[in-house]
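The values are calculated or read from the model by the stated rules, or taken from the named source; none is laboratory data. Because the structure is predicted, anything quoted here is derived from the model rather than measured. Quick reminder, even Gly has a Cβ in these numbers, built from the backbone with ideal geometry, and neighbours come from all protein chains shown.
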Amino acid sequence: GQQLNQSPQSMFIQEGEDVSMNCTSSSIFNTWLWYKQDPGEGPVLLIALYKAGELTSNGRLTAQFGITRKDSFLNISASIPSDVGIYFCAISSGSARQLTFGSGTQLTVLP
Amino acid sequence: DSGVTQTPKHLITATGQRVTLRCSPRSGDLSVYWYQQSLDQGLQFLIQYYNGEERAKGNILERFSAQQFPDLHSELNLSSLELGDSALYFCASSVLGLGPDTQYFGPGTRLTVL
């Protein structure tokens, strides 16, 4: 099946720093999604991307849909403690638009 | 709060047993998805229902089954449980399960098989 390669696996950053994570695939997709999962909770959609080259922001978060349609990145600017969690990239595909998730990036923000 | 509810929050059972996980979608959503999150496999799609009918299957074992009832709530049945079935099970719902519909996830059921 489809496989998404997400990196880095984990990040430790100081509060106030910017952070970047990305996902790549060997296949072309029409939709890239970024989710965040807090401990004990289900994933929450942060940003959805539908067009190659699209750059979308949601507050301090910015995500881009790669021009080749095989990759996407997520940037978080001026990190704060509540940014802690696991960030997942995902693609939506199939007749049911089911999600395939990357392996996640565990973000830790140090005070 | 996503509006999706799942019960129970935690479930501890023994190998060989059978359990039922329940999900109530957001009001107005017709589509329900089940996902499994484990340390070794990550977040994986299991199965999707739309308005009571199965629409798509992912990596769901034959020992697992699901259904969606007329009131749109869904149940995931796991039988002949094995240690490896220990995982977080998430339900997600969306309006139609088509196109750019957003999937809203519930808080999950943590299953521990001893």
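Has region B:79-88 got any residue that is among the hydrophobic types (A, V, I, L, M, F, W, C), loosely packed, with under 15 Cβ neighbours inside 10 Å and either modelled with pLDDT under 95 or within 23 Å of A:A48 (Cβ to Cβ) (or both)? Steps first, please.
Residues of region B:79-88 among the hydrophobic types (A, V, I, L, M, F, W, C): B:81, B:83, B:87-88.
Checking which are loosely packed, with under 15 Cβ neighbours inside 10 Å leaves us with B:83.
From what is left, the residues that are either modelled with pLDDT under 95 or within 23 Å of A:A48 (Cβ to Cβ) (or both) are none.
No: region B:79-88 contains no residue that is among the hydrophobic types (A, V, I, L, M, F, W, C), loosely packed, with under 15 Cβ neighbours inside 10 Å and either modelled with pLDDT under 95 or within 23 Å of A:A48 (Cβ to Cβ) (or both).
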If we keep just the residues of region B:43-77 that are farther than 25 Å from A:W34 by Cβ and among the charged types (D, E, K, R), which is farthest from the chain's Cα centre (by Cα)? B:D71
Within region B:1-26, track down each residue that is among the hydroxyl-bearing types (S, T, Y), out of contact with any Asp or Glu (no Cβ under 8 Å at 6 or more places or on another chain) and at pLDDT 95 or above. B:T5, B:T7, B:T13, B:S24
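Considering only residues that are aliphatic (A, V, I, L, M) and facing another protein chain (nearest Cβ under 10 Å), which ones fall in region B:1-15? Let's see the steps before the verdict.
The first filter runs over region B:1-15 and keeps only residues aliphatic (A, V, I, L, M), leaving B:4, B:11-12, B:14.
Across region B:1-15, the qualifying residue is only B:V4.
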I'm trying to understand the selection: among the residues of region A:74-111, which are more than 14 Å from every other protein chain (Cβ to nearest Cβ), within 16 Å of A:Q6 (Cα to Cα) and either in contact with a Ser or Thr (Cβ under 6 Å, 6 or more places away or on another chain) or surrounded by fewer than 17 Cβ atoms within 10 Å (Cβ to Cβ) (or both)? A:N75
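Results for (1) out of contact with any strand residue (DSSP E or B) (no Cβ under 8 Å at 6 or more places or on another chain); (2) closer than 26 Å to A:Q3 by Cβ; (3) free of Cβ contacts under 8 Å to residues at least 24 places away in the same chain, shown as yes or no for each residue.
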| position | (1), (2), (3) |
| --- | --- |
| B:K9 | no, no, no |
| B:C23 | no, no, no |
| B:Q44 | no, yes, yes |
| B:S94 | no, yes, no |
| B:P107 | no, no, no |
Looking only at strands (runs of 3 or more DSSP E) that fall completely inside region B:72-114, which ones have 1 or more residues that are aromatic (F, W, Y), within 14 Å of chain A (Cβ to nearest Cβ) and under 24 Å from A:G94 (Cα atoms)? B:87-94
Residues of region A:19-60 being surrounded by 14 or more Cβ atoms within 10 Å (Cβ to Cβ), within 10 Å of chain B (Cβ to nearest Cβ) and over 18 Å from B:P100 (Cβ atoms), which ones? A:Q37, A:E41, A:G42
